[in-house]
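Take a look at the structure below.
The values are calculated or read from the model by the stated rules, or taken from the named source; none is laboratory data. From a predicted model like this one, the values you see are computed outputs, not experimental measurements. No Cβ is skipped: glycine too gets one built from the backbone with ideal geometry, and neighbour counts run over all protein chains shown. The area values use the complete protein model at the heavy-atom level, side chains included, leaving out ligands, DNA and RNA. Shrake-Rupley method; radii C 1.70, N 1.55, O 1.52, S 1.80 Å.
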Amino acid sequence: MTGSTEYTGSGPQVVPSFTSVDDVVARLRDTGYLADDATATSTFLADRLGKPLLVEGPAGVGKTELAKSIAAATDAELVRLQCYEGIDEARALYEWNHAKQILHIQATGNRAWEEAKTDIFSDEFLLPRPLLKAISREGSTVLLIDEVDKADVDMEGLLLEVLSDFAITIPEMGTVAAQRRPIVLLTSNATRELSEALKRRCLYLYIDFPDAEREKEILASRVPNLSASLSAELVRIVGVLRTLDIRKKPSVAETIDWAHTLLALGAGEQADAKRGGLDDGLIARTLGVVLKHRPDLKTALKELKLG
């Protein structure tokens, strides 16, 4: 496999993609991602120092989108490891195509094991998973380890080992070591506390829901046909919803979806009217765009006095 080497223990080369924090802000903005100072600084340092960046925050605030935007801004390949309960090394690192190996052995006749294994333990039969893919790539790469808090604690040990040396040992083939260190982002919704060892390995960034002015900027970028009055009213209502005791607070992505929904229903055609063209009936009918649980809808309808 490309990247296989006699591993010496020296880390891979760090090739920075950004020249400054301002460069991060400008290039992410070009992709449609509006980064605040903390996000831009953390991104710059992760790129310049070659350290993984742990990004925590509520669901839907743009953690995954940050990784996608960094990849787009740096013309890098995005490799994503989606974590979930029960994920194991085979799904994260690599596994062998056993069916193909058996067929190959059968097709090549009776041979001694020592001879046969040199064929079946090779690139042709290897199924690389995200961590091995990211490490073995020679070009610019962004490795996204998404929702790491959903993985079992044992997986953190594996991640610590990989993120320490950026090398993976395949017993049958040798060590695959990165030649160029990828930009690594780990995201977490903070559903459980991550180990101190993993946190020490990373830089840390917390992304919260944006303030009203930032969210209006995001809407202006993503929904350019939205009037300023409708945007302001929409952001105000979403801000109220996020203060309620509900199961799932509206994400920024859902705010954008709601804006598109309201435009499709003609709300923007009354942009000069009170409340940006919104009325109670329209709000009530479209709340399902941003709230996805029935108890949340009932709570919102009551608190917003929509009947």
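For the reader, a short list of remarks on this structure follows.
- Cα pair count fraction exceeding 19 Å, expressed as % - the stretch 79-237: 66 percent
- With Rh defined as the Kirkwood radius, the inverse of the mean 1/r over Cα pairs, the Rg/Rh of the stretch 27-156 is 1.12.
- Charge sum, other residues only, whose C-beta stays under 12 Å from V79's C-beta, Lys/Arg counted +1 and Asp/Glu -1: +3
- Heavy-atom accessible area per residue - the stretch 32-186, 1.4 Å, Å²: 44 Å²
- The heavy atoms of T175 offer some 30 square angstrom of accessible surface to a 1.4 angstrom probe.
- Relative to the longest principal axis of the Cα atoms of the chain, the long axis of helix 21-30 makes an angle of roughly 70 degrees.
- Probe 1.4 Å, all protein chains present, accessible-area order of W113, W258, W96, largest first: W113, W96, W258
- Note that the stretch 139-145 has calculated 3J(HN,Hα) couplings of x, 5, 9, 10, 9, 9, 9 Hz, one per residue in order, obtained from phi through the Karplus relation 6.51 cos²θ - 1.76 cosθ + 1.60 (θ = phi - 60°); glycine and proline are x.
- Exposed GluC sites (Glu not before Pro) absent - longest run of the chain, DSSP non-H/G/I/E/B, at most 15 other C-beta within 10 Å: 194-307
- Candidates L297, L81, L28, ranked by Gaussian network fluctuation over the chain, Cα under 10 Å, top entry: L297
- Near the amide H of T169, within less than 5 Å, lie the amide hydrogens of V176, all on another chain or at least 5 residues away, with H placed in the peptide plane.
- Surface composition of the chain: carbon plus sulfur atoms contribute 49% of the solvent-accessible area (1.4 Å probe, protein chains only, all chains present).
- Net charge dipole, the stretch 90-163: roughly 320 debye, given to the nearest 20, about the Cα centre with Cβ charges of +1 for Lys and Arg and -1 for Asp and Glu.
- Unit Cα scatterers, Debye sum, the chain: log10 I(q)/I(0) for q = 0.10 Å⁻¹: -0.68
- Greater than 22 Å apart at Cα, pairs in K248/K298; K216/K305; K150/K216: K216/K305; K150/K216
- Farthest positive-ward along the stretch 165-307 dipole, Cα basis, beta-carbon charges - from Q179, S195, L306: S195
- Taking amide H as placed 1.01 Å from N in the peptide plane, the amide H of R80 sits under 5 Å from that of L144, each at least 5 places away or on another chain.
- Stretching the chain fully between V153 and K292 yields a gain of 47.1 nm (0.36 nm per residue, less the alpha carbon separation).
- Mean Cβ neighbour count within 10 Å, used as a protection proxy, ranking 148-155, 44-51 highest first: 44-51, 148-155
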